[in-house]
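Have a look at the structure below, then the notes.
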Amino acid sequence: MSGSDFRTVILDFDNTLYDWVAQWYYSFSAMLGEIHRISGIPLDVLKEQIRAIHQKHHTSEYAFLIEHLDIIRDGSVEATIAKYRPAIEKFREARTKHLVLYPGVMDTLINLRSSGKTLVVFTESQTFYTVMRFKHFGLDGLIDFLFTSDDHETPDNNYLEKIRSRPSEYYEIQNTKHRSVGKGRLKPDPAILRQIIDEVGSTQRNSVYVGDSLYKDVLMAKEARVFGVWAQYGEARGQPGYDLLREVSHWTDEDVERDRSLKKRDVKANAILKTGFPELLGLNGL
Ligand SMILES: [Mg+2]
């Protein structure tokens with residue numbers, strides 16, 4: 001597409017800017033290993049019960065897993081949490097270590113921003129965790145717009161009040177414009193992308209979309225007639241940890257079936273980033 005001039009760069013978040021699967025895997029498996037060690041309960045049994053909790057709360061990142069895991073209950077909830085404190089600590093330690101942007105992401109974003117591009121991030125993941133990570137990575141203010149979905153924002157009543165230990169500003173975006181695409185909107189619906197492009201004041205022709213899922217991100221871009229870039233380096237399937245995720249995830253049979261039918265489509269990206277995000281700078285028009 002030579003001669004084009006992309007002014008708006010729209011980015012998927014998880015596994016495009018950072019390795020969500022890796023940070024999930026390392027923190028979850030460290031916690032699971034400790035629960036197994038302390039309780040002596042077989043891993044298979046633990047995994048099955050954990051999956052039921054994730055499904056009930058529609059998330060694979062449930063902050064109150066230990067207190068809801070009946071099989072390890074030993075006395076009061078408080079006593080159980082105290083007993084499994086090392087598991088929570090291992091989880092946090094691993095998360096801190098692995099919650100990092102992919103190499104070159106920050107420099108590439110700064111480069112794009114300084115050449116006058118409008119930067120947009122869109123994710124259908126839980127808003128709470130997205131905002132926390134967005135700020136942790138130092139993206140607040142560097143990215144012009146963040147779009148999240150309202151879906152399953154909180155697993156149950158008062159979840160956010162229980163999870164928050166700092167003042168509410170800590171958990172809010174200060175400088176990036178934070179918008180919602182609405183409830184129950186899922187990739188690869190091209191209407192979502194057209195809505196985002198409209199809201200940021202751009203056009204399909206002047207926009208480029210980057211994401212790690214060929215069948216969700218790139219397909220959405222193609223169907224919206226937007227230049228679709230496949231962040232192949234971030235593809236989650238086949239990574240270590242993906243099998244464990246599948247075993248304990250909240251995904252329903254319906255989700256798995258939907259995923260399977262999407263993969264029957266023949267999707268061709270307009271460009272592929274093989275080694276990493278910085279390759280984006282080599283794209284014609286950027
Ligand atoms: Mg992704």
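Here Ile81 meets each of (1) buried (at least 16 other Cβ atoms within 10 Å of the Cβ); (2) of a type outside the set (S, T, N, Q); (3) within 20 Å of Lys162 (Cα to Cα) with one exception, condition (1). Checking Leu11, Leu32 one by one, the residue that is crowded, with 16+ Cβ neighbours inside 10 Å, within 16 Å of the ligand (Cβ to nearest atom) and aliphatic (A, V, I, L, M) is Leu11 and no other. When the criteria are applied in full, Glu279 fails the requirement of being more than 18 Å from the chain's Cα centre (by Cα) and surrounded by fewer than 17 Cβ atoms within 10 Å (Cβ to Cβ). Lys187 passes every criterion in (1) outside any loop (DSSP other than H, G, I, E, B); (2) within 16 Å of the ligand (Cβ to nearest atom) apart from (1). Among the residues of segment 149-177, just one is surrounded by 14 or more Cβ atoms within 10 Å (Cβ to Cβ), at pLDDT below 95 and in contact with a strand residue (DSSP E or B) (Cβ under 6 Å, 6 or more places away or on another chain), namely Ile173. Scanning segment 201-223 for residues that are surrounded by fewer than 19 Cβ atoms within 10 Å (Cβ to Cβ) and part of a loop (DSSP other than H, G, I, E, B) yields Gly201, Thr203, Gln204, Arg205, Asn206.
From Leu186, Leu244, grab the single residue that is assigned by TED's automatic domain parsing to the domain that holds Leu112, over 26 Å from Ser29 (Cβ atoms) and not acidic (Asp, Glu). Working first, answer last.
On the way: Leu244 fails: over 26 Å from Ser29 (Cβ atoms).
Just one listed residue meets the conditions, Leu186.
None of Gly241, Gly201 is at positive phi and within 21 Å of the chain's Cα centre (by Cα) except Gly241. When Ser60 is tested against (1) crowded, with 17+ Cβ neighbours inside 10 Å; (2) assigned to a helix (DSSP H, G or I); (3) not hydrophobic (A, V, I, L, M, F, W, C), exactly one condition is not met: (2).
Restricting attention to segment 204-224, report how many residues are farther than 24 Å from Val256 by Cβ, away from the ligand (no atom under 13 Å from the Cβ) and touching a residue at least 24 places away in the same chain (Cβ under 8 Å).
Going through segment 204-224 one residue at a time, the tally reaches 5.
Each residue in segment 223-275 was checked for being in contact with a Gly (Cβ under 9 Å, 6 or more places away or on another chain) and aliphatic (A, V, I, L, M), and 6 of them qualify. The set of residues from segment 99-125 being within 14 Å of the chain's Cα centre (by Cα) and surrounded by fewer than 18 Cβ atoms within 10 Å (Cβ to Cβ) comprises just one member, Val100.
Report, by residue number, each residue of segment 249-274 that is among the polar types (S, T, N, Q) and either in a helix (DSSP H, G or I) or on the phi > 0 side of the Ramachandran plot (or both). The answer is Ser261, and nothing else.
Of all the residues in segment 190-203, those that are within 16 Å of the ligand (Cβ to nearest atom) and within 25 Å of Lys274 (Cα to Cα) number 1.
Going through segment 225-248 one residue at a time, which ones are within 13 Å of the ligand (Cβ to nearest atom), in a loop (DSSP other than H, G, I, E, B) and in contact (Cβ under 8 Å) with a residue 24 or more places away in the chain? Residues satisfying the conditions are Glu235, Ala236, Gln239.
The values are calculated or read from the model by the stated rules, or taken from the named source; none is laboratory data. On a predicted model such as this, the values are computed, not experimentally measured, just so you know. Methodologically, a virtual Cβ is constructed for each residue, glycine included, from the backbone with ideal geometry; neighbour enumeration extends over all protein chains shown.
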